[in-house]
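Have a look at the structure below, then the notes.
The values are calculated or read from the model by the stated rules, or taken from the named source; none is laboratory data. The shown structure was predicted, so the numbers you read here are calculated from the model rather than taken from an experiment. Reconstructed Cβ throughout: ideal geometry from the backbone, glycine too, with neighbour counts over all protein chains shown. We work out accessible area using only protein heavy atoms, side chains counted, and drop any ligands, DNA or RNA first. Shrake-Rupley method; radii C 1.70, N 1.55, O 1.52, S 1.80 Å.
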Amino acid sequence: MDFLKSAIGGEVEKKSESRSQKEKFGYGPQAKACGSAGADEAQTEPWALAHGPLWEGKRGQLVRSQESKPEDHKLKLRPGALSFGVFQCEILYNRRMGKMKRPTALLIFTFSLAALLAGTIADSAPPAAMETITAAEMESALYFLASDEMQGRAVNTLFNKITSHYLAHRFELMGLQPVTDDGYFQYFNLLQAELLKDNSLEISRSNSSRSTVAMVKEDFFPSPLSANGKVSAPLVFAGYGITAPEHRYDDYQKLEVPGKIAVILGGEPGKMDPDSPFEGLLDSEYSDEFYKIMNAQSHKAVALIVIQGSSVRPRGMNFSRHAHLVWPEDPSRAHYTLEQYNLEVWAEQVKIPVLRVSRELARVILRDTPFDLEEIQEKIDREYQSQGFPLPQLEVTLETDIARHQTRIRNVLAYLPGSDPNLKDEVVIVSAHFDHVGPRDGEVFNGADDNASGTVGLLEIAEAFALSLEKPKRSLLFAAWNAEERGLLGSRYYVERPAFLLEKTIALFQMDMIGRDEEIPDPRNPRFLGLPRQRAQENRNSLHVLGYSRSEELRNLVTQNNQPIGLDLKFQYDNNPANLLRRSDQWPFLSNDVPALFFHTGLHPDYHRPTDTPEKINYPKMEKVVRLVFLCSWAAANQ
Ligand SMILES: [Zn+2]
């Protein structure tokens with residue numbers, strides 16, 4: 001009899017070999033008792049509770065893996081804190097098991113606080129609470145989040161909601177404070193765009209009666225961010241459509257744009273130049289389409305045409321195939337829909353129609369002009385000087401017709417106020433995204449490393465801060481981002497509507513894929529483009545830290561705090577064509593000048609595959625990584 005199939009619907013059968021591993025963690029027959037109950041009320045929180053690890057004492061026994069013994073969860077004592085430490089740890093442990101009433105604990109705590117402070121300052125050892133961060137606890141929670149039952153936690157699914165309930169529940173049990181009027185949830189709207197039928201593009205020339213009618217999805221397609229509208233206007237070519245005063249670069253300088261349609265290149269100057277002022281090999285925020293639309297609008301363009309740039313992702317993909325990935329004929333049957341979702345707070349700022357066109361159509365537009373597309377682009381990339389010009393003999397008539405469907409989702413945020421009257425207004429953010437890509441073609445993409453690993457790490461760090469007797473001087477925000485897999489949408493929404501001023505946000509520590517050993521078998525594989533060959537056995541103790549090139553201070557902080565941990569830290573990928581620095585939630589913060597570090601153990605062949613499963617996680621190393629992130633956030637909150 002297969003429990004899972006009846007409750008969630010059949011497609012998880014294929015991976016029976018790893019089920020034995022799961023039974024070890026109580027997802028087998030014995031879970032049936034609670035599971036079935038949970039399944040019926042899957043709408044509500046009990047499902048998450050039924051499978052939540054540790055806190056639920058009696059439940060704790062059920063899900064705790066055979067290997068991990070109760071004493072694993074005991075706090076190991078630091079030599080310095082022996083005498084008073086024993087007393088203090090016992091209390092910490094009991095409180096965790098919820099046996100001790102709060103007022104009495106408080107009394108005892110204050111007493112031992114003085115003792116602890118004396119001990120701690122004396123030998124600047126890692127805070128005792130770090131010891132509460134254990135591989136066993138993370139393993140238990142990870143098996144839950146990355147189970148087949150959780151169906152890959154995709155946005156806009158029940159399992160994504162269950163995960164968010166579970167996280168809020170854990171934060172509440174820790175005694176952390178909610179941040180919004182909706183408790184631990186920061187709600188925001190996504191828009192799913194649907195292509196309707198009235199999309200057209202026609203090019204006519206003043207010196208000819210003939211016009212060129214372009215084919216939708218062959219020569220052009222509307223951007224999912226485009227506003228609806230019909231426009232007829234002359235054209236102006238505006239390079240990459242970028243205005244970057246800090247690089248003394250402006251594609252709109254000396255151009256008459258108001259009332260015209262701006263034609264620009266996708267991407268940014270010097271994409272393949274490691275010394276490019278535009279973040280070297282990394283795509284800077286100037287290559288983001290939303291930025292380009294806002295810039296064209298601010299120059300009063302009435303519509304925007306974006307030419308598929310050589311650097312547009314997926315790299316070098318044929319235009320029509322790209323168009324069908326963005327606008328699949330039948331989205332419900334599509335294997336994967338690129339850019340399926342956008343932020344409502346972005347889309348509502350877009351007032352003009354926006355089309356993407358193939359390079360072939362761009363050459364037709366520039367035909368009968370003295371300009372050649374490749375030559376212009378190479379010239380800009382070589383000289384970092386804009387090459388804009390009007391195209392007076394051309395007129396374009398275009399129309400966009402898109403429907404939008406709203407989806408309401410949430411980030412999960414929890415707060416620990418700082419203890420220092422002057423510094424508590426400043427905040428340190430520790431974060432991870434909890435969504436993954438869900439099931440595809442009947443297989444669950446479990447997302448154990450991506451990013452159940454970072455999510456359980458976030459819970460452990462939040463718990464360690466909550467349990468710590470010493471409260472940090474600055475405030476802490478623990479953020480579980482949603483919709484990262486859909487374009488960093490949860491973290492992008494947060495920087496649009498921050499719970500704490502970004503100017504007062506002194507650092508962010510993002511964990512994404514912290515549970516494996518980097519393995520790049522073939523650097524030519526497009527999935528690993530730009531990354532050097534790597535063997536897992538050589539990376540058993542290594543951790544990539546990204547964002548170091550933006551903050552020397554944070555680089556030193558992580559190096560210092562790694563001393564008691566002893567990981568092989570790698571500061572290598574900030575300026576790299578794989579664009580890793582912008583492929584997780586630290587990026588919207590870095591783009592808003594908030595210093596941030598991205599902790600990442602590296603890509604591997606199971607990345608975004610159904611084979612990214614819990615039994616492949618390197619738990620001992622993950623414990624070290626999470627303890628390091630705890631120490632870094634602790635130091636940042638107290639320095
Ligand atoms: Zn991820």
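Per the 1.4 Å probe, what fraction of the accessible area of region 321-380, in percent, lies on carbon and sulfur atoms? Of the solvent-accessible surface of region 321-380, carbon and sulfur hold 51 percent.
Looking at region 234-391 only, what percent of DSSP beta bridges run antiparallel? Nearest 5 please. Present the calculation step by step, with values, prior to reporting the outcome.
Working: 6 of 18 bridges.
Counting DSSP beta bridges with both partners in region 234-391, the antiparallel share is about 35 percent.
When you count the other C-beta atoms within 10 angstrom of each residue and take the mean per peptide, 135-146, 164-175 line up highest first as 135-146, 164-175.
Taken about its Cα centre, region 140-295 carries a charge dipole of about 560 debye when Lys and Arg each add +1 at the Cβ and Asp and Glu each add -1 at the Cβ.
For THR559, THR369, what's the largest-to-smallest order of accessible area, 1.4 Å probe? Mind showing how you got there, number by number?
Working: THR559 65, THR369 25 Å².
So the residues, ranked largest to smallest area, are THR559, THR369.
Using only the Cα atoms of region 523-639, build the gyration tensor, take square roots of its eigenvalues as a ≥ b ≥ c, and label the shape rounded, prolate or oblate: rounded if a/c is under 1.5, else prolate if a/b is larger than b/c, else oblate. Oblate.
If packing is taken as the average number of other Cβ atoms within 10 Å across a peptide's residues, how do 413-425, 201-213, 516-528, 580-592 rank, most packed first?
Most protected by this proxy first, the peptides run 580-592, 413-425, 516-528, 201-213.
Using a ≥ b ≥ c from the Cα gyration tensor of region 197-400 (square roots of the eigenvalues), is it rounded, prolate or oblate, where a/c under 1.5 gives rounded and otherwise the larger of a/b and b/c decides, a/b for prolate?
Working: a/c = 1.41, a/b = 1.07, b/c = 1.32.
Taking the square roots of the gyration eigenvalues as a ≥ b ≥ c, region 197-400 is rounded.
How do the peptides 380-393, 255-268 rank, highest first, by the average count of neighbouring beta carbon atoms within 10 Å per residue?
255-268, 380-393
Computed from point charges on the beta carbon alone (+1 for Lys and Arg, -1 for Asp and Glu), the dipole magnitude for region 197-400 about its Cα centre is near 560 Debye.
Note: region 319-460, Cα convex hull, 256 Å³ per residue.
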